[in-house]
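S.K.: Handing you this structure, nothing more for now.
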Amino acid sequence: MSRIAYVNGRYLPLAHASVNIEDRGYQFSDGVYEVCEVRGGRLVDERRHIERLQRSLSELRIAMPMTPESLGAVLHEVVRRNRVRWGIVYLQITRGVARRDHAFPPPGTRPSVVVTARNLDFATAERLAGEGVAVISVPDNRWDRVDIKSVSLLPNVLAKQTAREQGAREAWFVDRQGFVTEGSSSNAWIVTRNGTVVTRQVDNAILKGITRTVVLDIIAAQGLKLDIRPFTMEEAQQAREAFITSASQTVMPVVKIDSRPVGNGAPGLIASALRRDFYRFAEIS
Ligand code: PDD
């Protein structure tokens with residue numbers, strides 16, 4: 001079955017889906033994106049993803065090109081046309097097509113909208129969650145507005161590649177003060193020896209993950225101990241558990257940090273429980 005993409009109002013086979021080479025996403029990575037999990041053909045936390053998209057757009061002064069309702073309809077339609085049962089839907093909006101000039105294009109330039117969707121390998125994801133994954137640390141060399149979900153991801157790309165080359169699944173960015181900010185495509189968490197869940201506060205230095213928000217709801221509902229603060233790599237290596245969160249992997253236990261085992265080297269009880277309970281707290285539409 002050939003995959004279908006939505007490009008500026010049309011549903012096209014992937015081989016024919018393209019954008020203009022003067023698109024500002026291509027020229028300047030002048031655009032934003034969202035990744036939403038698809039489960040049983042439905043969207044997980046669509047409302048929150050669209051809200052975050054609107055915030056990213058407004059921070060970059062790109063106009064929302066259609067209503068949230070119409071955008072939602074496109075997301076569902078791309079999922080349907082690609083027969084995605086479990087996977088992701090990807091949405092990208094750029095400042096549009098204009099002759100190359102760093103400053104904003106003329107008023108009235110229409111933002112470009114692209115949506116794709118694909119199935120992920122459920123068995124592999126479950127196996128990874130059962131075994132836990134390894135993370136490595138890299139210096140955080142990103143700009144100071146990574147709260148905006150922009151498609152400008154070069155440091156993240158390089159960090160992820162470094163992780164892969166070292167046999168790890170994720171790279172954790174460490175800031176100049178020695179604190180972990182977040183992963184290259186996930187938020188970072190630990191559980192201390194006394195059972196307190198720790199994750200960094202949201203500000204301009206991390207993305208406010210939708211999965212993170214839902215996990216905080218679960219933690220509150222279950223009365224787990226929580227400390228919203230930064231943690232260092234040393235603290236993470238001494239922790240009882242560690243895990244990462246993102247739309248495509250919900251809660252993924254971390255069992256190794258910079259080659260040292262976390263806790264007893266197996267996925268932690270709290271991480272596994274949060275993963276198990278996730279869909280009771282997420283919004284499915
Ligand atoms: N990444 N931090 C970064 C840098 C991310 O790129 C992501 C998501 C997250 C987690 O956010 P959420 O829980 O809303 O997915 C945190 C997506 C999945 C990606 O780039 O593919």
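S.K.: Hey, can you tell me all the residues within segment 188-245 that are among the hydrophobic types (A, V, I, L, M, F, W, C), closer than 19 Å to ILE257 by Cβ and assigned to a loop (DSSP other than H, G, I, E, B)?
M.R.: ILE206, PHE231, ALA239
S.K.: Let me ask something else about it. Has segment 155-174 got any residue that is of a type in the set (Asp, Glu) and assigned to a strand (DSSP E or B)? First the steps, then the outcome.
M.R.: Looking only at segment 155-174, we keep the residues that are of a type in the set (Asp, Glu), and these are 165, 170.
The next check asks that each one be assigned to a strand (DSSP E or B); those that pass are 170.
Looking through segment 155-174, at least one residue is of a type in the set (Asp, Glu) and assigned to a strand (DSSP E or B).
S.K.: Hey, does segment 180-187 have a residue that's more than 18 Å from the chain's Cα centre (by Cα) and touching a residue at least 12 places away in the same chain (Cβ under 8 Å)?
M.R.: Taking segment 180-187 first, the residues more than 18 Å from the chain's Cα centre (by Cα) are none.
No: segment 180-187 contains no residue that is more than 18 Å from the chain's Cα centre (by Cα) and touching a residue at least 12 places away in the same chain (Cβ under 8 Å).
Residues are listed down the side, and each one gets a yes or a no for (1) among the hydroxyl-bearing types (Ser, Thr, Tyr); (2) under 17 Å from the mean Cα position of the chain (by Cα); (3) more than 15 Å from the ligand (Cβ to nearest atom):
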residue	(1), (2), (3)
ALA17	no, no, yes
ASP30	no, no, yes
TYR33	yes, yes, no
ASP45	no, yes, no
MET66	no, no, yes
VAL78	no, no, yes
ARG85	no, no, yes
ALA98	no, no, yes
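S.K.: Next up: Just the residues that are touching a Pro at 6+ places or on another chain (Cβ under 9 Å), within 11 Å of GLU22 (Cα to Cα) and assigned to a loop (DSSP other than H, G, I, E, B), please, taken from segment 96-112.
M.R.: Answer for segment 96-112, where residues must be touching a Pro at 6+ places or on another chain (Cβ under 9 Å), within 11 Å of GLU22 (Cα to Cα) and assigned to a loop (DSSP other than H, G, I, E, B): GLY96, ALA98, ARG99.
S.K.: What number goes with the only condition from (1) within 15 Å of the ligand (Cβ to nearest atom); (2) open to solvent by less than 40 Å² (accessible area, probe 1.4 Å) that GLU51 does not pass?
M.R.: (2)
S.K.: Still on this structure, I have one more. Mind checking which residues of segment 251-265 are open to solvent by less than 10 Å² (accessible area, probe 1.4 Å) and either within 16 Å of the ligand (Cβ to nearest atom) or in a strand (DSSP E or B) (or both)?
M.R.: Hits for segment 251-265 are VAL251, MET252, PRO253, VAL254, ILE257.
S.K.: For segment 162-185, which positions are of a type in the set (Ser, Thr, Tyr) and over 16 Å from ALA236 (Cα atoms)?
M.R.: Within segment 162-185, THR162, SER184, SER185 meet the criteria.
S.K.: Still on this model: Quickly run through segment 223-241 and pick out the residues that are open to solvent by 30 Å² or more (accessible area, probe 1.4 Å), in contact with a Gly (Cβ under 8 Å, 6 or more places away or on another chain) and either at pLDDT below 95 or within 19 Å of GLY132 (Cβ to Cβ) (or both).
M.R.: ARG240
S.K.: Taking the conditions exactly as written (of a type in the set (Val, Ile, Thr) and open to solvent by less than 30 Å² (accessible area, probe 1.4 Å)), does ILE244 satisfy them or not? Before you say what the answer is, go through the steps one by one.
M.R.: Working: of a type in the set (Val, Ile, Thr): yes; open to solvent by less than 30 Å² (accessible area, probe 1.4 Å): yes.
So ILE244 fits the description; yes.
S.K.: Could you say whether any residue in segment 3-13 is charged (D, E, K, R) and assigned to a strand (DSSP E or B)?
M.R.: Scanning segment 3-13 turns up at least one residue that is charged (D, E, K, R) and assigned to a strand (DSSP E or B).
S.K.: Another one. Here is a list: VAL115, VAL74. Which entry is open to solvent by less than 20 Å² (accessible area, probe 1.4 Å), part of a strand (DSSP E or B) and modelled with pLDDT of 95 or more?
M.R.: VAL115
S.K.: For segment 192-214, which residues satisfy the criterion of being open to solvent by 10 Å² or more (accessible area, probe 1.4 Å), more than 9 Å from the ligand (Cβ to nearest atom) and of a type in the set (A, V, I, L, M)?
M.R.: Answer for segment 192-214, where residues must be open to solvent by 10 Å² or more (accessible area, probe 1.4 Å), more than 9 Å from the ligand (Cβ to nearest atom) and of a type in the set (A, V, I, L, M): VAL202, ALA205.
S.K.: For segment 176-191, give me each residue that is on the phi < 0 side of the Ramachandran plot and surrounded by fewer than 17 Cβ atoms within 10 Å (Cβ to Cβ).
M.R.: The answer is ARG176, GLN177.
S.K.: Taking segment 89-112 only, how many residues are open to solvent by less than 40 Å² (accessible area, probe 1.4 Å) and acidic (Asp, Glu)?
M.R.: Number of matching residues: 0.
S.K.: In addition: Return the pairs, sorted by first residue and then second, in which the second residue is at pLDDT 95 or above and open to solvent by less than 50 Å² (accessible area, probe 1.4 Å), the first residue lies in segment 88-100 and is at positive phi, the beta carbons are less than 6 Å apart, and the residues are 6+ apart or on different chains.
M.R.: What qualifies is GLY96/THR109; GLY96/PRO111; GLY96/SER112.
S.K.: Considering each of ASP147, ASP140 in turn, give the residue that is open to solvent by 30 Å² or more (accessible area, probe 1.4 Å) and either more than 13 Å from the ligand (Cβ to nearest atom) or not aromatic (Phe, Trp, Tyr) (or both).
M.R.: Result: ASP140 is the single residue among ASP147, ASP140 that is open to solvent by 30 Å² or more (accessible area, probe 1.4 Å) and either more than 13 Å from the ligand (Cβ to nearest atom) or not aromatic (Phe, Trp, Tyr) (or both).
The values are calculated or read from the model by the stated rules, or taken from the named source; none is laboratory data. Note that the structure is a prediction, hence the values are computed from the model and not measured. Note: ideal-geometry Cβ built from the backbone for every residue, glycine included; neighbour counts use all protein chains shown. Areas reflect the complete protein model, heavy atoms only, side chains present, ligands, DNA and RNA absent. Shrake-Rupley method; radii C 1.70, N 1.55, O 1.52, S 1.80 Å.
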